[in-house]
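Here is the structure we will look at, set down as C-alpha cells.
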Amino acid sequence: MTEPAHGDTHIRMLISQERIAQRTEELAREVREGLGDGPITCIGVLKGSFIFMADFVRALGGPVRCEFLGVSSYHGGTRSTGVVRITEDLRHPIEGQHCLLIEDIVDTGLTLDYLTHFLAQRKPASIQTVALLDKPAHREVEICASHVGFTIPDEFVVGYGLDLGELYRNLPFIGVYSP
Ligand code: 5GP
C-alpha cells in the first residue's frame, strides 16, 4: 500500500508528477509526428483538462491555437449521469482546421462520443482526441481516444485537474480517492 499522498489519508498516489510529465512529452511527440509542423487547434474540455492541456500544448510546440469547451456531466458526484451539457461553446470557428480534443479522462465514453460528433458538425479538416487517462471498465459506447496517456483501473481519481466536488484539482499527481 502506497503512502497517503499530500497529507490527505483519503488519497493514495497512483501516477506521479514525473510519470505524467514524461508521458505528456511522449504524447505530444506522437501527435506532432502524425499532424506535422502546421497549426493544431487544441480544444480543452473544462474543467478537468486545464492542467494537462497547459503542459501538453507547451510540449507540443509549433503553431497551436487554444480553445475550450465547457461541459458538465457529473454534477459533483463520483458517477456519470450520462447527460452531457455544453456550458461554454468555442469562441472561434474551427472549419478547415486540424483539431485535437483534449480530455482528462474517458470513463463511460459518453462525453467523448458526444463531443466528437458536436465538433464534426463544425467541419474541421480533422479531429483527433487525446485523453490523459482511460478507465475502460464502465464503457457505454465503443470509443477510445486516438492518444491515451495511462489506462487505469476502475477507481475514482483526483488531482492534476480532476476534482471531487471542485476540490483536489491542484494536486500535482493523480491519486485514488477512497473515503
Ligand atoms: P464519461 O462521459 O467518459 O463517463 O466521463 C467523462 C468525464 O467524467 C471526465 O471528463 C471527468 O470529468 C469525469 N470523470 C470520469 N471518471 C472520473 C474520475 O475517476 N475522477 C474524476 N474526478 N472525474 C471523472
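Given the criteria of a type in the set (Val, Ile, Thr), buried (at least 18 other Cβ atoms within 10 Å of the Cβ) and not in a loop (DSSP other than H, G, I, E, B), does Ile94 qualify? Let's see the steps before the verdict.
Working: of a type in the set (Val, Ile, Thr): yes; buried (at least 18 other Cβ atoms within 10 Å of the Cβ): yes; not in a loop (DSSP other than H, G, I, E, B): no.
Here the answer is no, as Ile94 does not meet what is asked.
For residues in the stretch 97-113 being assigned to a helix (DSSP H, G or I) and without any contact (Cβ under 8 Å) to a residue 40 or more places away in the chain, which is surrounded by the most Cβ atoms within 10 Å (Cβ to Cβ)? First the steps, then the outcome.
If we filter the stretch 97-113 for residues that are assigned to a helix (DSSP H, G or I), which is where we start, we get 110-113.
Among the residues that remain, those that are also without any contact (Cβ under 8 Å) to a residue 40 or more places away in the chain are: 110, 112-113.
On the way: Leu110: 20, Leu112: 23, Asp113: 16.
Among those residues, the one meeting the criterion is Leu112.
Phe50: under 18 Å from Thr129 (Cβ atoms), at pLDDT 95 or above, touching a Phe, Trp or Tyr at 6+ places or on another chain (Cβ under 9 Å) and not small (Gly, Ala, Ser), yes or no? Before the answer, list the steps.
Numbers: under 18 Å from Thr129 (Cβ atoms): yes; at pLDDT 95 or above: yes; touching a Phe, Trp or Tyr at 6+ places or on another chain (Cβ under 9 Å): yes; not small (Gly, Ala, Ser): yes.
Yes: the conditions hold for Phe50.
Could you run through the stretch 138-179 and say how many residues are part of a loop (DSSP other than H, G, I, E, B), among the aliphatic types (A, V, I, L, M), in contact (Cβ under 8 Å) with a residue 60 or more places away in the chain and within 9 Å of the ligand (Cβ to nearest atom)? Please lay out each step first, then the result.
Taking the stretch 138-179 and keeping what is part of a loop (DSSP other than H, G, I, E, B), we get 139-146, 152-156, 160-161, 163, 165-166, 168-173, 178-179.
Among the residues that remain, those that are also among the aliphatic types (A, V, I, L, M) are: 141, 143, 145, 152, 171.
Filter once more, keeping what is in contact (Cβ under 8 Å) with a residue 60 or more places away in the chain: 152, 171.
Checking the rest, the ones that are also within 9 Å of the ligand (Cβ to nearest atom) come to 152.
Residues that pass the stated criteria total 1.
Here are some conditions: (1) surrounded by 15 or more Cβ atoms within 10 Å (Cβ to Cβ); (2) more than 9 Å from the ligand (Cβ to nearest atom); (3) closer than 21 Å to Glu18 by Cβ; (4) not hydroxyl-bearing (Ser, Thr, Tyr). Ile127 meets all but one. Which one does it not meet?
Just one mismatch for Ile127, condition (3).
Go through (1) part of a strand (DSSP E or B); (2) within 14 Å of the chain's Cα centre (by Cα) one by one and return the number of the condition Phe56 breaks.
If we test Phe56 against (1) part of a strand (DSSP E or B); (2) within 14 Å of the chain's Cα centre (by Cα), just (1) comes out false.
Of the residues that sit in the stretch 102-111 and are near the ligand (Cβ under 6 Å from one of its atoms) and aliphatic (A, V, I, L, M), which one is nearest to Gly44 (Cα to Cα)?
Out of the qualifying residues, it is Ile105.
Which of (1) more than 12 Å from the ligand (Cβ to nearest atom); (2) modelled with pLDDT of 95 or more is the odd one out, the single condition Gly61 does not satisfy?
(2)
Does the stretch 71-82 contain any residue that is at pLDDT 95 or above and surrounded by 16 or more Cβ atoms within 10 Å (Cβ to Cβ)? Full working, then the answer.
Taking the stretch 71-82 and keeping what is at pLDDT 95 or above, we get none.
No, the stretch 71-82 contains no residue that is at pLDDT 95 or above and surrounded by 16 or more Cβ atoms within 10 Å (Cβ to Cβ).
The values are calculated or read from the model by the stated rules, or taken from the named source; none is laboratory data. Small disclaimer: the values here were computed from a predicted structure and weren't measured. We place every Cβ from the backbone using ideal geometry, glycine too, and count neighbours over all the protein chains shown.
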